[in-house]
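The structure appears below as structure tokens.
Read the figures in this text as sums done on the coordinates, not as results from a lab. Please read these numbers as outputs of a predicted model, since none were measured by experiment. Glycine gets a Cβ as well: all are built from the backbone with ideal geometry, and neighbour counts include every protein chain shown.
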Amino acid sequence: MAIESIEEKPREVQHIPILTIESLVTANSQFAEKQKVSLISLIKLLVPKLEQHLVIISLTKQQEEFIGELKIEWQAFLRQYFNDKSIVLQIQIDETVETKRQAYTPSEQFQEMLDSNENFRKFVQKFKLKLKQ
């Protein structure tokens, strides 16, 4: 009777990053890649602040409205990414930033063009154009 030796395969150790500004930027970038195209660049451009387990993101009022309920999913992603349930994502509204409305969605961009360009408005009216939903 032959005895076979059973070799244990070494377990892969899952690398859990340490919560730093650099790793937080990387995590935010990975989170952004899973979002709608209109949100990717916005999230990637944000500069987070870190106070122990508090992640602070400064946004304008419009950006905060645009992100909406994504904050809950974003916080859950960060908690999973860093394997730390004590991480809290806090959004701060930056009142000092001039609140020039930025058109993010196609419908907002279309409306902005209508409002700001007389020739475009005439063109749209003449050909009865509408934005495809």
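Whole-Hz Karplus values for the stretch 84-91 come out as 9, 6, 8, 5, 10, 9, 10, 9 Hz, taken residue by residue from phi with 6.51 cos²θ - 1.76 cosθ + 1.60 and θ = phi - 60°; glycine and proline positions read x. Cross-link check: pairs Lys44/Lys132; Lys34/Lys132; Lys61/Lys126; Lys34/Lys85; Lys61/Lys130; Lys61/Lys85 evaluated at a Cα-Cα cut-off of 32 Å; pairs beyond the cut-off: Lys61/Lys126.
Output the peptides 75-83, 88-96 sorted from most to least packed, where packing is the average of other Cβ atoms within 10 Å over each peptide's residues.
Details: 75-83: 16.3, 88-96: 12.7.
Most protected by this proxy first, the peptides run 75-83, 88-96.
Normalised by the number of residues in the stretch 21-93, the average gap of Cα pairs under 8 Å and 6 or more apart makes the relative contact order 32 percent. A Förster radius of 30 Å, combined with the Cβ-Cβ distance separating Glu33 from Leu129, puts the computed FRET efficiency at roughly 0.35. Amide H to amide H, with H built 1.01 Å from N, Thr60 comes under 5 Å of Asp94, counting only residues 5 or more places away or on other chains. Annotation: peptides 24-30, 122-128, 40-46, ranked by per-residue average of other Cβ atoms within 10 Å with the highest first, follow the order 24-30, 40-46, 122-128.
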